[in-house]
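Remarks on the structure that follows.
Bear in mind these aren't lab numbers, they're just calculated from the coordinates by the rules spelled out. Since this is a predicted model, take the numbers as computed values, not measurements. All Cβ positions, even for glycine, are placed from backbone atoms using ideal geometry, and neighbour counts span all protein chains on display.
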Amino acid sequence: MMLDVIAKIVGGKMTKAQRENANSVVIALKQYGRALGIDQPHRLAQFLPQILHESGAFKYDREVWGPTPAQKRYDTRTDLGNTPQADGDGFLFRGRTGIQITGRSNTVAFRDWCRKLMAGTAVKVPDFEKNPDAMLTDPWEGLGPLWYWDTRKLNVYADKGDIEMITKLINGGLNGYQDRLDWYTKTALVLLGYGRDDIASFQRAKGLIPDGISGPRTRAALHAALLKKTLPAAQSNDVQTAPVVEEKEVVPPEVEKKAKRQTNLWGWLTTILGGGGAGVTALLGADWKSILAFGGLAAGGLVILTIVGPQIARSIKQIREELA
């Protein structure tokens with residue numbers, strides 16, 4: 001895993017800080033990626049997007065501190081190993097490394113994991129509990145994300161292509177989920193030899209509708225293509241060719257807006273024309289002027305439907321294809 005590959009995924013020119021932060025991860029992957037099984041393409045394609053999101057594309061290796069109301073509450077978060085007193089633990093153990101290791105207990109757990117990893121070598125692991133900023137030096141900064149990935153056993157979910165579960169186990173929810181999905185697509189495309197935004201070319205190659213939008217089917221095809229780059233003998237028993245589909249489909253904002261505009265028009269027309277039995281019953285008791293007015297309105301609606309009906313049908317078909 002080379003720095004130039006990450007640069008292709010990020011796109012544009014990376015700043016000095018971005019390159020340094022990314023290089024820390026590259027160093028760790030080169031030294032320990034194979035031992036932890038993260039070097040396999042389909043796993044790497046799940047690992048990097050999470051780091052890209054958490055670090056703002058490697059812009060940050062530590063938490064940006066306000067403090068915000070949520071950050072103020074970190075000070076007494078005993079579930080993170082911080083003391084119940086407002087004594088500065090929140091700021092002291094704020095998020096660090098590309099995976100944002102937060103809280104005293106996580107900091108201690110990372111230190112102990114590193115000591116176990118370095119057992120039998122001449123490398124001395126700093127006491128991160130006493131000096132949390134030591135986590136921002138190499139090789140520890142790059143090892144932070146590997147520690148989290150390894151201890152949460154995220155390879156199991158990467159083998160299934162389950163981005164949703166990976167996100168939940170890293171974030172605790174689905175915050176920034178669409179951004180993580182977008183980074184997954186860019187990462188997978190680059191690892192497969194495409195440009196980071198060349199979705200349509202990949203779709204054509206796989207017989208998908210080349211709409212340039214990465215939906216569940218496109219991500220499934222990316223996962224399957226990445227699996228082919230890993231020798232079967234090296235794959236675990238957890239591997240699934242067809243990845244898990246998200247519980248709640250994430251609709252791209254531009255598609256959602258288009259759908260709302262078109263369905264609103266359709267709803268307006270059907271409201272005019274689709275009164276059903278209640279509308280007919282009302283007309284039976286109406287005078288001739290009301291019936292004539294309604295007839296004119298209905299006729300006008302039919303004319304509009306004749307003109308825009310085919311367009312609506314095409315639009316609905318297009319929206320469905322975009323979600324593929």
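Hey, what do the phi angles of region 101-106 turn into as Karplus ³J(HN,Hα) couplings, whole Hz, using 6.51/-1.76/1.60 and θ = phi - 60°, x for Gly and Pro?
5, 10, x, 4, 5, 5
For the ranges 217-224, 111-118, what's the packing order if you count other beta-carbon atoms within 10 Å of each residue, average per peptide, and put the highest first?
Details: 217-224: 20.9, 111-118: 16.4.
Listed from highest to lowest mean packing, they are 217-224, 111-118.
Using the Karplus curve 6.51 cos²θ - 1.76 cosθ + 1.60 with θ = phi - 60°, work out ³J(HN,Hα) for each residue of region 113-120 in order, rounded to whole Hz, and write x for Gly and Pro.
Per residue, the Karplus-derived 3J(HN,Hα) values read 5, 5, 5, 5, 5, 8, 4, x Hz.
Show me the chymotrypsin sites (Phe, Trp or Tyr not before Pro) within region 61-102 that DSSP assigns to loop and that have at most 13 other Cβ atoms within 10 Å of their Cβ. Could the numbers behind the result be given before it?
Numbers: sites: TRP65, TYR74, PHE91, PHE93; in loops: TRP65, PHE93.
Answer in residue order: TRP65.
For the ranges 122-132, 205-215, 149-159, what's the packing order if you count other beta-carbon atoms within 10 Å of each residue, average per peptide, and put the highest first?
Sorting 122-132, 205-215, 149-159 by mean packing, highest first, produces 149-159, 205-215, 122-132.
Count charges around LEU136 for me, please; just the other residues with Cβ under 12 Å from its Cβ, Lys/Arg as +1, Asp/Glu as -1.
Summing Lys and Arg as +1 and Asp and Glu as -1 gives -3.
Under a 5 Å amide H to amide H cut-off, with H placed in plane at 1.01 Å, what residues pair with ILE101 once short-range neighbours are removed?
Answer set, sorted by chain and number: ARG96.
What does the C-alpha gyration tensor say about the overall shape of region 108-192? Classify as rounded when a/c is under 1.5, otherwise prolate if a/b is larger than b/c, or oblate.
prolate
Could you tell me which of the pairs LYS30/LYS130; LYS30/LYS168; LYS168/LYS229; LYS16/LYS168; LYS116/LYS153; LYS160/LYS186 are separated by over 22 angstrom between their Cα atoms in the structure shown?
Working: LYS30/LYS130 28 Å; LYS30/LYS168 27 Å; LYS168/LYS229 27 Å; LYS16/LYS168 31 Å; LYS116/LYS153 17 Å; LYS160/LYS186 19 Å.
The pairs that break the limit, which is 22 Å between Cα atoms, are LYS30/LYS130; LYS30/LYS168; LYS168/LYS229; LYS16/LYS168.
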